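Asks: There's a structure below that I have some questions on.
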Amino acid sequence: MAKVVLDASAVIALLRDEPGADIIGKQVDDAAISAVNLHEVVKELLANGIDMPIAREIIAELHLDVQPHTAEDAFEAAQLATATREHGSGLGDRSCMALAIKLGVPALTTDQAWLDIAGLDVRLVR
């Protein structure tokens, strides 16, 4: 069972060895990620010139618990739109938030604006 949910920014920070990567690295073995956020990470890898087979290897090495984005998850994420609108949160952010709420675990992110979201346990990594 996952102990945290990672958003795309946290995974990207880990892969780039950015500030906070050490914190994320300690949590990655017990982490889940929404398939929507996985899409964002893979898109970033591809945009940076990494070929798909290598991107798949990179993701596989993280051993993330990739969770599907179901119809129910879509409804839950949509409910967060009003609360997150002023922060500019998009589908990926709301997908991560909804998954963290669903699993009852903290969300790890680099986005400080998430601290203002009621009902969400957020852990900033930097």
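The values are calculated or read from the model by the stated rules, or taken from the named source; none is laboratory data. Here the structure is a predicted model, which means the values were calculated and not measured. Glycine also receives a Cβ, built like all others from the backbone with ideal geometry; neighbour counts cover every protein chain displayed.
Asks: So if I check each of Leu46, Leu14, which one is assigned to a helix (DSSP H, G or I), modelled with pLDDT of 95 or more and surrounded by 15 or more Cβ atoms within 10 Å (Cβ to Cβ)?
Replies: Residue meeting the stated conditions: Leu14.
Asks: Right, another one. With the condition being over 16 Å from Ala31 (Cβ atoms), I'd like the strands (runs of 3 or more DSSP E) fully within the range 58-126 carrying at least 3 qualifying residues. Working first, answer last.
Replies: Details: elements: 65-67, 107-109, 122-124.
Ranges flagged: none.
Asks: State all residues of the range 79-97 that are modelled with pLDDT of 85 or more and within 18 Å of Ser9 (Cβ to Cβ); if no residue qualifies, say none.
Replies: Scanning the range 79-97 gives Leu80, Gly90, Leu91, Gly92, Asp93, Arg94, Ser95, Cys96, Met97.
Asks: Hey, another quick one. Going through the range 22-36 one residue at a time, which ones are over 12 Å from Leu62 (Cβ atoms) and assigned to a helix (DSSP H, G or I)?
Replies: Asp22, Ile23, Lys26, Ala35, Val36
Asks: Does Glu76 meet the test of being loosely packed, with under 12 Cβ neighbours inside 10 Å, at pLDDT below 95, acidic (Asp, Glu) and more than 15 Å from Arg123 (Cα to Cα)?
Replies: So Glu76 does not fit the description; no.
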